[in-house]
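Participant: Here it is, the structure in full.
Rule-based calculations on the coordinates, nothing more; no lab input. What you see is a predicted model; the values in this text were computed from it and never measured. Note that we place each Cβ from the backbone using ideal geometry, even for glycine, and neighbour counts take in every protein chain shown.
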């Protein structure tokens, strides 16, 4: 069976240009909340770097802005909390499986983590139990995490319960680190407030929603649609009725706005991604927004 990480790296280094990759690398570095005063090396300045890190003498000597890199005070654990419920086996906004988009999200951020000397782990919920894969720092291990997402996310799997999963994370995860939630396109329940507040005080918290397929326009309007939760066919006539199309569009807009309001209120960095081709630019935008504004 084909490896998954090489595919992710190929998209990162071939389809994304070098400038984008460098920007993403610099934006990821901003997640490190602590560093030592021990100088490591110099690299070219990218937007999002701290101005005080610019080495002005080296900049004048080379003619291009260079920033100092410092050794981190400690390596960090990056823990991916991935929704592997039945809904993530459905089709996403761009026509690809949501599971495949989740694999790319974890693959890109996981690879960046390893490049920065961090360790990666994952928590999922499958077969009636929470499965914890403790952080490690090898590409082979990251590949196993990606395969875990692929193998656990099936149409005959369980329904998503992100509240239960994050509640478990809050109870068992003590060491400070970077927590990345990759979840289905659902409105977070109200009882998630306290859990996210508690996690946000101990960890750098990012939430990435994998967007639903639009059933009334674009690719979704041309497909035969069957609900993954109930296996019911959605008749094409429902998608051609003008009133139903309007109500659906209003409900979809309300959900997106409500998600944004929910995460902003809790100061949780949030992004939506619905296409594999959008993974890298979406992650770059998310990390840069967090670096600049703190959310």
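Participant: Given a Förster distance of 41 angstrom, what is the FRET efficiency for residue 21 paired with residue 236, based on the Cβ-Cβ distance and rounded to 0.05?
Facilitator: 0.45
Participant: Let me ask something else. Distance from a point 7 Å along Cα→Cβ of residue 159 to each backbone N in segment 78-115: keep the residues under 12 Å and list them by number.
Facilitator: The answer is 86-87, whose backbone nitrogens lie closer than 12 Å to the label point.
Participant: What number results when the radius of gyration of segment 77-293, computed over Cα atoms, is divided by 2.2 N^0.38 Å?
Facilitator: 1.02
Participant: I've got another one for you. Using 0.36 nm per residue, how much length does the chain from residue 255 to residue 68 gain when fully extended, once their Cα-Cα distance is taken away?
Facilitator: Once the chain is fully extended between residue 255 and residue 68, it gains 63.0 nm.
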